[in-house]
Amino acid sequence: MTASVPPPHDPPPSDPVAVPPRPKKQRRPIRPWQWMLLGAAIPVILLLALVLILPLVMNALMGGGPGSGPGEAEYRVERVTLAQGVTLPGTIEPTQRLDLSFASPGEVTLVAVNVGDNVTPGTVLATIDDTDLRAAVTDARAETDAAWKDYQDARRSGQSAAISAMRSAHAVKAQALKDAEQALEKAKLTSTIDGVVAAVNVQRGQLAGEPGASPGQDPGAADVVVISRAFQVKASVGGAERTRLAKGMEAVVTSSSAKEPLRGTVTALGVVAEATAEEGKPSAASFPLVVTLEGQPTDVFAGSPATIEVLADAGAEPALAIPVEALMMRDSETKGMVLVRRGTEPTPTDVTLGSESNGMIEVTAGLNEGDVVVFFPMTGGPGGAVGPGVVAAQPSEEPKR
């Protein structure tokens, strides 16, 4: 038998060569100037998007299609005479107000008036027990008389030092007597004006100056308040309207409690601005204004809201003006933006604003007479007309076949 020969063994495979891993590519950090460029580009992109997309969106909302549609209106800027009335909200207040309180402690012995009572100068409103105050006056007068006698004795002695000392002592006693007499006089509250009792915060038997004379009484409230029968209306006027007003101008005031409009006169107009701010709006300057009503109206009440219409100078010259709703943006009382048609596309244009009246607002800079302002009014009248000088833009007609 032939012996089997085992198959030869294959040589062991050689070790593969190790391949090093590829290094990861690192990102380059964004440089500061790239961040600045990106930050400057974002507002520009947003503004362009607003200008390009807003007309399409407004046309779609107003029922139009691409391009001009029924929702778009145009206004050709021209000089107009704005209504001269300046309308302001205000608050009715009395022209005079007395807040009277007892200056010395004591038990209230008399309350002679009630809220709503008419009073005249000299009317006694309330009194406190003045026994101690009268005794203080008597003692002060006796001490003053004694000091005067000492002063006369010093004069007869001819000694200058004694004369000077007694003169000073008498002056001190005389001032003490004057203070005691004034305290006694203030033991009764007396009206000094012709008016109406607005509040009574004391009652008989109460210790003067003690809080809680009536439920909910403010501890710092006056014991008796008297207001005049004459009234005024206080308001604030913005800087744009301030230049159109002056003391002595006539005004008409309306109030929900008054049966008919009340006439008055501007009696005070501030010259120092006061900063006012509303939530979500930048602060603006305002000036205090007071209109004094004629006569003594009986159907108005202190603290009630009112509307003032000041009849400003009727000799104002015509000025460039546009509808208020034509403002695409309004940054403040005097700054805004409109869309002006220059060529075929509306162009955002910054404008400076002036006085406002009856839906129109003056433009003092940024527009020229004859410019066409494009906007999207919320309401329209018959035939596409939306206001004086404002006509809804119509789409161009298709050519007939």
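The values are calculated or read from the model by the stated rules, or taken from the named source; none is laboratory data. Here the structure is a predicted model, which is why all the values come from computation and not from measurement. Cβ sites come from the backbone with ideal geometry, for glycine too, and all protein chains shown count toward neighbours.
A few comments on the model shown:
- Considered as a group, the residues in the range 226-262 that are surrounded by fewer than 16 Cβ atoms within 10 Å (Cβ to Cβ) and in contact with a Phe, Trp or Tyr (Cβ under 9 Å, 6 or more places away or on another chain) include one that is modelled with the lowest pLDDT, and that residue is G239.
- Looking only at residues in the range 207-225 that are assigned to a loop (DSSP other than H, G, I, E, B) and modelled with pLDDT of 90 or more, the one that is nearest to T95 (Cα to Cα) is A222.
- Scanning the range 337-362 for residues that are closer than 11 Å to L327 by Cα and among the charged types (D, E, K, R) yields a single hit, D350.
- Extreme residue, farthest from E185 (Cα to Cα), among residues of the range 135-155 that are of a type in the set (D, E) and surrounded by 15 or more Cβ atoms within 10 Å (Cβ to Cβ): D150
- Filter result for G63 (loosely packed, with under 13 Cβ neighbours inside 10 Å, at positive phi, at pLDDT 85 or above and not hydroxyl-bearing (S, T, Y)): no
- Yes/no for L110 being under 29 Å from Q232 (Cα atoms) and either out of contact with any Gly (no Cβ under 6 Å at 6 or more places or on another chain) or outside any helix (DSSP H, G or I) (or both): no
- One residue stands out in the range 112-141 among those that are out of contact with any helix residue (DSSP H, G or I) (no Cβ under 7 Å at 6 or more places or on another chain) and without any contact (Cβ under 8 Å) to a residue 60 or more places away in the chain: the one that is farthest from A230 (Cα to Cα), namely D139.
- G116 being small (G, A, S), outside any helix (DSSP H, G or I) and surrounded by 16 or more Cβ atoms within 10 Å (Cβ to Cβ): no
- Flag if T364 is at pLDDT 85 or above, within 18 Å of the chain's Cα centre (by Cα), surrounded by fewer than 17 Cβ atoms within 10 Å (Cβ to Cβ) and assigned to a strand (DSSP E or B): no
- Count of the range 107-140 residues which are farther than 15 Å from R204 by Cα and in contact with a Ser or Thr (Cβ under 8 Å, 6 or more places away or on another chain): 6
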